[in-house]
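No lab work stands behind these numbers, since they all come straight from the coordinates. These figures come from a predicted structure and were not determined experimentally. As a convention, Cβ positions derive from the backbone with ideal geometry for all residues, glycine included, and neighbour counts pool all protein chains shown.
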Amino acid sequence: MSNYDKLFACVDALQKADPQQAYSDENYRVNLIKQFNSTFGVASKILEDALRNMGMNNSLDDPAEFFRVCAEHGFIEDNQVWESMQNDRNVSLFVYNEKTTAEILVRIMTAYVPALSHFASLLAAHLNQQE
């Protein structure tokens with residue numbers, strides 16, 4: 001399965017997530033956050049490959065610069081949302097605190113799923129143009 005297919009499948013799973021169940025069911029919440037982490041990881045890999053293919057290896061080291069360059073090239077819409085996604089992904093991998101998890105969950109449902117969905121749509125349109 002290509003990274004593109006993985007991204008589309010992961011975004012689809014996030015879009016189908018039930019926010020009410022995520023807020024009330026701890027196992028569902030944990031799995032939803034894991035799904036977000038996987039989706040963000042695949043999306044980041046696709047973005048890294050795109051910049052590498054453009055010869056922009058220097059932009060890969062600093063996350064703020066990386067997402068700024070991605071936004072400049074139209075790969076993503078809002079680099080600050082993507083920086084926030086990365087920060088929340090890092091926090092959710094190493095810290096489990098109910099309050100922090102609830103805050104991350106709200107951002108996943110309100111900001112990150114739409115941003116990842118938009119990226120997947122742009123990518124799908126680009127791939128369709130290449131066919």
21 Å Cα-Cα threshold exceeded, pairs from 6/45; 6/34; 6/99: 6/99
Of 95, 113, 81, the one that fluctuates the most in a GNM where the chain has Cα springs shorter than 10 Å: 95
The range 1-62 - charge dipole about Cα centre, Lys and Arg +1 at Cβ, Asp and Glu -1, debye rounded to 20: 100
DSSP H segments from the chain that extend 27 Å or more along their own axis, Cα-based, with Kyte-Doolittle mean of -0.5 or above: 26-53
Around residue 63: net Lys/Arg minus Asp/Glu count, Cβ-Cβ under 12 Å: -3
Relative contact order of the chain, pairs being alpha-carbon contacts under 8 Å that are 6 or more residues apart, as %: 29
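Count the net charge of all other residues whose Cβ sits under 14 Å from the Cβ of residue 82, scoring Lys and Arg as +1 and Asp and Glu as -1.
In short, -4.
Work out the length of the dipole vector of the chain about its Cα centre, built from +1 on the beta-carbon of each Lys and Arg and -1 on the beta-carbon of each Asp and Glu, and round it to the nearest 20 debye.
The dipole magnitude comes to about 220 debye.
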Cβ-based exposure ranking for 45, 16, in which fewest neighbours within 10 Å come first: 16, 45
